[in-house]
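> Take a look at the following structure, please.
Derivation of every value follows stated rules applied to the coordinates shown; laboratory data play no part. Keep in mind it's a predicted model, so treat the numbers as computed, not measured. Methodologically, a virtual Cβ is constructed for each residue, glycine included, from the backbone with ideal geometry; neighbour enumeration extends over all protein chains shown.
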Amino acid sequence: MIVEGVVIRRRINVGSKSEHDAALLVSEEGTFKLRRSGGHPFSDPDVQALVGLRIRAEGFVTAGQFIMTHYAVVDDETG
């Protein structure tokens with residue numbers, strides 16, 4: 001599936017042992033924890049570098065996470 005949205009950083013799973021800051025993809029389809037296929041599930045510098053950007057990502061959703069296989073930064077001026 002292809003999803004377009006803005007990547008934000010937010011603390012998730014507050015109060016649990018898995019509480020941490022995560023990159024989230026906020027899109028029309030929903031808000032998903034963003035992961036890169038093959039990337040570290042908690043700390044992936046490539047994903048963290050996308051925070052604040054609008055991206056178009058290809059991948060799949062599993063357990064509330066969007067696992068992206070490919071992505072492109074979307075220029076807000078041209079869409």
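> Just flag the trypsin sites (Lys or Arg not before Pro) in the chain sitting in loop per DSSP whose Cβ has no more than 11 other Cβ atoms within 10 Å.
Sites meeting the loop and neighbour criteria: Lys17.
> Still on this structure, I have one more. By its C-alpha gyration tensor, with a ≥ b ≥ c as the square roots of the eigenvalues, how is segment 27-72 shaped: rounded for a/c under 1.5, else prolate for a/b larger than b/c, else oblate?
Verdict is rounded for segment 27-72.
> How are the C-alpha pair distances of the chain spread across 10 Å bins, as whole percents from the shortest bin up?
19, 57, 21, 3, 0
> Between Ile12 and Thr62, how many nm apart are label points set 7 Å from Cα along the C-beta direction?
Result for the modelled spin labels: 1.4 nm.
> Put +1 on the Cβ of each Lys and Arg and -1 on the Cβ of each Asp and Glu in segment 3-79; which of Ile12, Pro45, Gly64 then has its Cα farthest toward the positive end of the dipole?
Ile12
> For the chain, modelled as a GNM with alpha-carbon contacts under 10 angstrom, which of Ser27, Ser18, Ser43 fluctuates the most?
Taking springs between Cα atoms under 10 Å, the residue moving most is Ser18.
> Going through the chain, which GluC sites (Glu not before Pro) have at most 15 other Cβ atoms within 10 Å and a DSSP loop state? Walk me through the intermediate numbers first.
On the way: sites: Glu4, Glu19, Glu28, Glu29, Glu58, Glu77; in loops: Glu19, Glu28, Glu29, Glu77.
For GluC sites (Glu not before Pro) across the chain that sit outside H, G, I, E and B with at most 15 neighbouring Cβ atoms in 10 Å, the list reads Glu19, Glu28, Glu29, Glu77.
> Quote the FRET efficiency, to the nearest 0.05, computed for Glu29 versus Ala72 with a Förster distance R0 of 25 Å and r equal to the Cβ-Cβ distance. Mind showing how you got there, number by number?
Working: r = 17 Å, r/R0 = 0.69.
With a Förster radius of 25 Å, E is 0.90.
> Would you mind working out the magnitude of the charge dipole of segment 1-66 relative to its Cα centre, with +1 at each Lys and Arg C-beta and -1 at each Asp and Glu C-beta, to the nearest 20 Debye?
Here segment 1-66 has a charge dipole of around 180 debye.
> Chymotrypsin sites (Phe, Trp or Tyr not before Pro) within segment 15-73: which are DSSP loop residues with at most 11 other Cβ atoms inside 10 Å? Please list the in-between numbers first.
Working: sites: Phe32, Phe42, Phe60, Phe66, Tyr71; in loops: Phe42.
Hits after loop and neighbour filter: Phe42.
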